[in-house]
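Q: Okay, handing you the structure first.
The values are calculated or read from the model by the stated rules, or taken from the named source; none is laboratory data. All of these numbers come straight from a predicted model, not from anything done at the bench. A quick note on method: Cβ atoms are made from the backbone with ideal geometry, for glycine too, and the neighbour counts reach across all protein chains shown.
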Amino acid sequence: MDSENLVAGQSYFIMSFYDHGFRTPEIRTVIYIGKNLLKQGKKDEWYFQDADSYIEYGSFFKLPKEMERVVHVMDEESLSLIRDLAGLIRDLTELKKGTYGRRPKDL
């Protein structure tokens, strides 16, 4: 996912796989909160929150620390796990066709 296209408050999806053969996907819905909110290092960080706590309580940035929530802090490399809805549909379609993860010259 191109970081320039992320919109705070929008739903995104973390797509990873349980297996190395790319046969069993795991998909988690997250809400984009913002960039470099609690920056701890020299590199940029993007913050995503689990959809459940965001919908119920709002952004973790405004919640007391004792409130339960899951926050994903992503660096530029790990943003490759993030999909918007169109990207998720595209990847699941490729997975169904058996072409997910293949480079064009492999097809």
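Q: Looking at region 8-40, which of its residues are loosely packed, with under 14 Cβ neighbours inside 10 Å, of a type in the set (A, V, I, L, M, F, W, C) and in contact with a Leu (Cβ under 8 Å, 6 or more places away or on another chain)? Reasoning before the result, please.
A: Restricting attention to region 8-40, the residues satisfying the condition of being loosely packed, with under 14 Cβ neighbours inside 10 Å are 8-10, 16, 18-21, 23-24, 26-27, 36, 38-40.
So of that shortlist, the ones also of a type in the set (A, V, I, L, M, F, W, C) come out as 8, 27, 38.
Selection gives Ile27 alone.
Table: residues versus (1) touching a Ser or Thr at 6+ places or on another chain (Cβ under 9 Å); (2) closer than 30 Å to Thr99 by Cβ.
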residue: Gly9; (1), (2): yes, no
residue: Asp19; (1), (2): no, yes
residue: Arg28; (1), (2): yes, yes
residue: Leu38; (1), (2): no, no
residue: Ser53; (1), (2): no, no
residue: Val70; (1), (2): yes, no
residue: Glu76; (1), (2): yes, yes
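Q: Same structure again: Within region 18-51, which residues are of a type in the set (A, V, I, L, M) and modelled with pLDDT of 90 or more? Walk me through how you get there before you give the answer.
A: Taking region 18-51 and keeping what is of a type in the set (A, V, I, L, M), we get 27, 30-31, 33, 37-38, 51.
Selection gives Ile27, Val30, Ile31, Ile33, Ala51.
Q: State which residue is farthest from Gly58 (Cα to Cα) when the search covers only region 1-35 and only residues that are touching a strand residue (DSSP E or B) at 6+ places or on another chain (Cβ under 8 Å) and small (Gly, Ala, Ser). Write out each step before concluding.
A: Just the residues of region 1-35 that are touching a strand residue (DSSP E or B) at 6+ places or on another chain (Cβ under 8 Å), to begin with: 1, 3, 6-18, 23-35.
Those still in the list that are small (Gly, Ala, Ser) too: 3, 8-9, 11, 16, 34.
Working: Ser3: 22, Ala8: 12, Gly9: 9, Ser11: 13, Ser16: 25, Gly34: 13 Å.
If we take residues in region 1-35 being touching a strand residue (DSSP E or B) at 6+ places or on another chain (Cβ under 8 Å) and small (Gly, Ala, Ser), then Ser16 is farthest from Gly58 (Cα to Cα).
Q: So, of the residues in region 1-17 that are in a loop (DSSP other than H, G, I, E, B) and modelled with pLDDT under 90, which turns out to be farthest from the chain's Cα centre (by Cα)?
A: Residues of region 1-17 that are in a loop (DSSP other than H, G, I, E, B), as a first pass: 1-2, 6-10.
From what's left, modelled with pLDDT under 90: 1-2.
Working: Met1: 9, Asp2: 11 Å.
The residue in question is Asp2.
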